[in-house]
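In what follows, a structure is listed as structure tokens, so that the remarks can point back to it.
The values are calculated or read from the model by the stated rules, or taken from the named source; none is laboratory data. The model shown is predicted, which means the values in this text are computed figures rather than measured ones. No Cβ is skipped: glycine too gets one built from the backbone with ideal geometry, and neighbour counts run over all protein chains shown. For the accessible areas, the whole protein counts, side chains as well, though only heavy atoms, and no ligand, DNA or RNA atoms are used. Shrake-Rupley method; radii C 1.70, N 1.55, O 1.52, S 1.80 Å.
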Amino acid sequence: MAAPATPGALDSFTAEQVERARRYHRPLYVLMAVDMALDLAILSLLAFGPPGDWLARLLGSLPFWARAMAWPGVVMTVGWLLGLPLSYWRGYVHEKQWGFSTQTARGWLLDRLKGFAVGLVITVAMLFAFVSIAGAVGEAWPVVVAPGAALVVLFLSFVAPLVLEPIFNKFRPLADVGLTASLRELSERARVPVRDVLVADASRRTRKENAYVSGLGRTRRVVLYDTLVARDDPAYTRLVVAHELGHRRMRHVAAGTLLGMAGAAGSVLVLWALLRSAPVLRAVDATGPGDPRVVPFVLLVVGLLQLFGMPLLSALSRRWESAADRFSLAMTGDLKVFEDSHRALAVSNLSDLDPPRAIYIAMFSHPTPPERIRAGRRWAEAERLSPSVS
Ligand SMILES: [Zn+2]
């Protein structure tokens, strides 16, 4: 017997819709937790356990540069391979069962391989630099590594739309001339001149609908999934774009990048504090922060910091999403379109309408659709009560 839905969820959705979304999401939450535990267990064993000692003996005779690349390469590959069955079920089997995936298993695997390759190149390069610099600079290594890590985050945020996103999707300008003109008018009124509204070929992977903003400065853009454009509903598309323009206007991408930079630099300081400690170095059997043997430990610490930081980041993200929602409502001025769009989007994407509280606090980047609709009603009400606010 399922728990009854939180009363708020039933304001704008039926009990069947709440229950269906719940059935879709529950196994995913369980597997996500299992996946995370598996990752941390693998890293712990490689940092402190016999598998790590065995690998250290295996790589021991290699020259420094080869060990500095082999450690992150092997650790990442092992983690990826051991996690693959779980991610296959989560990302493919489950999505197929629920009618979202439009891929073949081969296409799915190819995507995973591409994602893994990108992550591998970035991680190996960063950890190679980490141990090389820590070994060469001596005690003051964080002075170089902390700003370096922050700059890598900045660089990735800037080049992601040009270099990383095209690895996974093809982008084309929006073809509908009338809609483009209407969206351009919207962006001018929002005082967010947008260089490009692009359409991504998301439909080769999924039937889910989405949109996002990315890039900094010259690389910034608004991207719509072709699945969303295919709905062919201009009012709906305008509302979604207005929300994304809100993110632009309030500089959420830039703020997120700054936060990522601070997080990267902060992680380096935590690692510095830990790797100065003799008991820590003894436990990981490393001679110092410049010994490639520290790699699994570094990845473990970074993973734990991300895990602990997640509730905070999720809470901030939910605030930004609410602000962008409010902006979209102010720009379009139509509560009915706002409600209908959020309802349609939630139903077709099977968004969780009533997530477990702990999951919501730990990892929800967006308020739930019932919360968003309720907030929209409140704002519309407040606007009517004080019409002088423009
Ligand atoms: Zn958003």
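Observations, loosely collected:
- Accessible surface, the range 98-246, averaged per residue in Å² (probe 1.4 Å): 48
- From most to least packed by mean Cβ count within 10 Å, the peptides 22-28, 225-231 give 225-231, 22-28.
- Measure of compaction for the range 100-181 (Cα Rg per 2.2 N^0.38 Å): 1.62
- Among the trypsin sites (Lys or Arg not before Pro) within the range 69-166, not one is in coil by DSSP while having at most 11 neighbouring Cβ atoms inside 10 Å.
- Principal axes of the range 195-275: Cα extent on each, largest first, Å: 55, 29, 19
- Atom-type composition of the exposed protein surface of the chain places 66 percent of the accessible area on carbon and sulfur (1.4 angstrom probe).
- Environment charge of Gln103, counting only residues whose C-beta is closer than 10 Å and scoring Lys/Arg +1, Asp/Glu -1: +2
- When its C-alpha radius of gyration is set against 2.2 N^0.38 Å (N residues), the range 1-157 gives a value of 1.42.
- Shown for the chain is the translational diffusion coefficient from the Stokes-Einstein equation, using the Kirkwood radius over Cα pairs, a temperature of 10 °C and a viscosity of 1.306 mPa s: 68 µm²/s.
- In the frame of its principal axes, the range 130-255 has Cα extents of 61, 33, 19 Å, reported largest first.
- At the residue level, Glu383 shows approximately 80 square angstrom of accessible surface with a 1.4 angstrom probe and all protein chains present.
- Within the same chain, lysines fewer than 8 places from Lys96 are excluded, and of the rest, those with a Cα less than 27 Å from its Cα are Lys114, Lys170, Lys208.
- √(5λ) per eigenvalue of the Cα gyration tensor, the range 301-390, largest first, Å: 29, 16, 10
- Each Lys and Arg contributes +1 and each Asp and Glu -1, all at the Cβ; summed about the Cα centre of the range 118-221, the dipole is approximately 380 debye.
- For Ser157, solvent-accessible area (1.4 Å; no DNA, RNA or ligand), Å²: 30
- Span-like helix criteria (full DSSP H runs; alpha carbon extent of at least 15 Å along the helix axis; mean Kyte-Doolittle hydropathy of at least 1.6) are satisfied in the chain by 141-159, 252-275.
- The listed peptides 282-289, 209-216, 238-245, ordered by packing as a protection proxy, come out as 238-245, 209-216, 282-289 (highest mean of other Cβ atoms within 10 Å first).
- Farthest toward positive dipole pole in the range 281-373 [+1 Lys/Arg, -1 Asp/Glu at C-beta], among Thr368, Leu335, Gly288: Gly288
- When the convex hull of its Cα atoms is projected in every direction, mean area for the range 231-390 (nm²): 12.7
- Computed FRET value (nearest 0.05) for Leu58 with Leu269, which takes r as the C-beta separation and R₀ as 25 Å: 0.20
- Computed over the range 216-317, the Cα gyration tensor eigenvalues convert (square root of 5λ each) into semi-axes of 43, 14, 12 Å, ordered from largest to smallest.
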